[in-house]
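Only one structure is covered here, and it is reproduced in the block below.
The values are calculated or read from the model by the stated rules, or taken from the named source; none is laboratory data. Everything numeric in this text was worked out from a predicted model, so none of it was measured. Here Cβ is always computed from backbone atoms with ideal geometry, including for glycine, and neighbour counts include all displayed protein chains. The area values use the complete protein model at the heavy-atom level, side chains included, leaving out ligands, DNA and RNA. Shrake-Rupley method; radii C 1.70, N 1.55, O 1.52, S 1.80 Å.
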Amino acid sequence: MGVQGFQEYLEKRCSGAAIPVDLLKLGRTAGRPHHHPHHPGSLPPPPPARILIDADSGLQRLYGGYQTDWVCGGEWNAMLGYLSALSQACLYQGGLELVVVFNGTLGKERWPEWARQAQGQRQTAQLIVNHVGSKATPPPRAWFLPPACLSHCVRLAMFRFRVRVVQTLEDHHQEVLSLYRDFGFCGLIAQDSEFALCNVPAYFSSHALKLSWNGKNLTTHQYLLSEAVRQLGLKTQHLPCFAALLGNHILPDEDLAAFHWSLLGPEHPLASLKVRAHQLVLPPCEVVIKAVSEYVSSIKDLGNLDAVARDVFKQSQGVKPPYRNAPCGPGHASLFQNLPPLPDCNDSLSGTMGYTDWSAPYDQGGSRLTNHHTSAPSDTCYTYTHTHTHLGSHGNGSGSHGNGSGSNIPSLLSMATRSHMDITTPPLPQVSDEVLRVAEHRHRRGLMYPQIYHILTKGEMKMAVCIEDDCNSELPPASLLFRAARQYSYGVLFSLAETHRRLERLAMRSRGPLDVPPVIVKEWSSGKSKSALTPELVPALCFREWTCPNLRRLWLGRASEDRSRRTRAFLACLRSDCPALLNPAQVPQHLLLMCCVLRYMMQWPGGGILQRHELDAFLAQAVSNQLYEPDQLQELTVEKVDSRGVQLASLFMAGVDTALLVNDVCGQPLPWEHCCPWGFFDGKLFQTKLARAAQDRLALFDMCEGQEELVSRVKKMRQAILDGINFTRPPPPLPPLSFLPPPPFYPLPPLYPPRPMGNMPPHHHPHHPHHHPAQHRPRGFPGLQSIPPQGGKLEIAGMVVGQWAGNKPLRGRGGFIMQVVSVGAGRG
């Protein structure tokens, strides 16, 4: 979007608009005690200057900068050491108090922007895999892709160093600016054009943030919007209209394309690029910024937005699109309007949006850093979005005044590109107000996985992109691999077991059929041959082995048995409900989460994800003494980066991410200290162990550095992980994901899924009125459909391209189920 390009323009095209600063030096200057001439003693030292860090745009720097070892799965101890040095330097060297704000919103109003970003990240991931596979070296620094679970690792690290954490809920930009304004912050570290155009005082670059090796200097760039405005020939009052006409999530580029080309004119050197191959082509961002600034500076009456809108959209076709991604219309509340102060938020637990227990109130008396700006952000921010909203109401066709002689550039929003976002799912079960208050309280304070609140309230979740090879058929995508764990989590969140039990009793009394309404969650992710704007409709599932308590009991229950129920729910979601994992003699408590993830991965149909020597490599690096020696890990070199090892590490960390979700869903049976990846994984160390295992797959002694004690610990954990898992069944042939068209609805599987793989006997209900011993439930992997015993086939456009034999059911147990897919039939 045009507005997002303004940040780069500010850095590269406006000389003098980005000046180098040392935050620690500024903090020391602001916190220097002042002496009064009539009082010999000095006044009490002022409170530390408060700095707000936008983690969403600064993850790479919070990870430690441009490191070349991020591709191996994450150097979490190195990250921990960097964040420790950063927090200590700010507090002790500069007198700065850090507050880190994480993006916890669903952000549906910015869905197209997120989809484009996700698609770009998938392309980068494929470049990374190809590079590692061909050259066996780390990829270039410019290809940095955040390791899976990075945001949660940073959040946990901030808890460890007692850095205050905030998590936004509905609109990230609005809440960050409200937090900055209402709690007396003296600087914002971010990298976002919207913050820059809102004229935030003391706005610093997160991408340029550098901590010196001795911890005495923290340098970055401070952006001076006033200088950029001067060079563009604008004034401060021009900023709202200027920002709106650049293009944004409310008024997208597609609606402004004709206007932008009209500003250039037919004689412009780029006019020949206007339309190529009947597709919409946008002018370069730098050209648009200059042209729009000249246009805005020539507007005589900025208050007459109707006249501006008529002039801007006179080139448009006036076709109203079927879907508008703008969440606001003419009567919508402005994004940065003067909201009530945060202490007035209604939260029975936190009182003031989760800040009541903070050591110092966020008043306006804190120390201020040097401010090179000349205006406050509040009025500019209000007008900024009010202008967006007003012009956006004209851009959707309702206020168009086209004269028929304008350009024929099609608007992408006028095409049926977003009808799939109107998919309707069954209504969600009712969630008690008390549970929602607890969820909001934990969410705002960063104490809970950010997607849980949105699952409870909207039935939707968004998944990040990780390093995967679309051409590798041996390893499934992370979104598919851990889908079953998420399905169980949805069942726990909506107390599905209790609902089923209640409806089962009613059915028995009335002697009628058991009708359990489905619970469907939309999962948004970018996949192979699948748009990120197409959701997967995933049904919630129940445990077969036991009836899980309702969510209120799991979260708020204080009885002694409630903790064991939370732990069992956590283990059951990850298909790890076996006594061996709870034996501390076999699995230490801080390694329980890791072992559950590995056990879950081992139970993929056919067990083809992890081989035994790869499992040993994971376990050997977890018990290695080097794991807790950051200096040794830094000196450790990987001669050849293994491509499969990179993908396995990415899958594992995606599993850790899922386990963090499950842990918070189940009431946090594992303390957060046992959920930190730096206690059980290091990507570079895993690569070295895997390299030794590849040379000799039985060299466990070598992987354990020649220590018999470590070998014994690995063997005990391996035994607990593999306890009860049966690997005798052949893997079912899964159809390629590229052949799976996005259906309007997921076929609803049975409410109770197949039991986890293992040698445990199936659980029968002989007293159930509808139970028939001759019938059994499908035992396929959740999400796969069953086929007749005679076999199945794969059809593409009516032509059979694959066929396989049927499954003979085992005695007393159902055989493994495969899926029949017909692609292209009946579709245009």
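Can you list the trypsin sites (Lys or Arg not before Pro) in the stretch 554-590 that are in a DSSP coil and have 10 or fewer other beta carbons within 10 angstrom? Each step should come with its number before you reach the end.
Details: sites: R558, R563, R565, R566, R568, R575; in loops: R558, R575.
Here the sparse-neighbourhood loop sites are R558.
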Return the FRET efficiency for the residue pair E8, R141: r is the Cβ-Cβ distance, R0 is 22 Å, and the value is rounded to the nearest 0.05. 0.80
Under 20 Å from the D22 label point (7 Å along Cα→beta-carbon), backbone N, the stretch 212-237: 212-223
Please report the spacing between the Cα centers of the stretch 534-574 and the stretch 161-232 in Å, no decimals. 40 Å
Could you give me the ³J(HN,Hα) list for the stretch 291-303, computed from phi with Karplus coefficients 6.51, -1.76, 1.60 and θ = phi - 60°, whole Hz, x at Gly and Pro? 5, 5, 4, 5, 5, 5, 5, 8, 5, 7, 10, 5, x
Quick check: pseudo-label points 7 Å beyond the Cα along Cα→Cβ at Q117 and Q719, how many nm apart are they? 4.8 nm
On alpha carbon coordinates alone, what is the Rg over Rh value for the stretch 239-301, Rh being the Kirkwood radius? 0.97
Using the Cα atoms of the stretch 482-634 to build a convex hull, what is its mean projected area in square nanometres? 14.3 nm²
Karplus couplings for the stretch 106-114 from phi (6.51 cos²θ - 1.76 cosθ + 1.60, θ = phi - 60°), rounded to Hz, Gly and Pro as x? 7, x, 5, 5, 10, 4, x, 5, 5
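Structure shown: which of K210/K458; K640/K715; K314/K458; K135/K689; K135/K530 lie over 31 Å apart, alpha-carbon to alpha-carbon?
In this structure, K210/K458; K314/K458 exceed 31 Å between Cα atoms.
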Give me Rg over Rh for the stretch 454-531, both radii from the alpha carbons and Rh done the Kirkwood way, two decimal places. 1.14
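Could you give the length gained by full extension between S529 and R509, i.e. 0.36 nm per residue of separation minus their alpha carbon distance, to one decimal place? Display every interim value, and only then the final one.
Numbers: separation 20, 0.36 × 20 = 7.20 nm, distance 4.88 nm.
Between S529 and R509, full extension yields an extra 2.3 nm.
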Evaluate E = 1/(1 + (r/R0)^6) for H268 and Q126, where r is the Cβ-Cβ distance and R0 equals 35 Å; express this FRET efficiency to the nearest 0.05. 0.45
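How much of the accessible area of the stretch 543-586, in percent, comes from carbon and sulfur atoms when a 1.4 Å probe is used?
Here carbon and sulfur together make up 46 percent of the probe-accessible area.
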What aspartates and glutamates does K522 reach when the alpha-carbon gap must be under 19 Å and sequence neighbours fewer than 8 apart in one chain are set aside? E109, E113, E170, D422, E460, E536, D657
Placing each pseudo-label 7 Å from Cα in the direction of the beta carbon, Y92 and R558 end up separated by a distance in nanometres of 3.9 nm
Expressed per residue, the solvent accessible area of the stretch 53-188 in Å² (1.4 Å probe) is about 32 Å²
Pull up all non-local amide H partners of R164: gap of 5 or more, or a different chain, and H-to-H distance under 5 Å with H placed in the peptide plane. V100
Carbon and sulfur: what percent of the stretch 239-301's accessible surface (1.4 Å probe)? 53 percent
With a 1.4 Å probe and all protein chains kept in place, how much accessible area does T457 have, in Å² rounded to the nearest 10? 60 Å²
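If you roll a 1.4 Å probe over the heavy atoms of the protein chains, what accessible area per residue do you get for the stretch 239-301, in Å²?
Working: 2750 Å² over 63 residues.
Solvent-accessible surface per residue comes out at 44 Å².
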Simple spin-label model, 7 Å along Cα-to-Cβ: Q695 to N214 in nm? 4.1 nm
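Just to confirm, what accessible area per residue do you get for the stretch 531-679 at 1.4 Å probe, in whole Å²?
Values: 5050 Å² over 149 residues.
Value returned for the stretch 531-679: 34 Å² of accessible area per residue.
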Compute the Kirkwood hydrodynamic radius of the stretch 153-220, taking the inverse of the mean of 1/r over all pairs of distinct Cα atoms, and give it in Å to one decimal. 13.8 Å
Using modelled backbone amide H atoms (1.01 Å from N, in-plane), which distant-in-sequence or interchain residues come within less than 5 Å of A18's amide H? L224
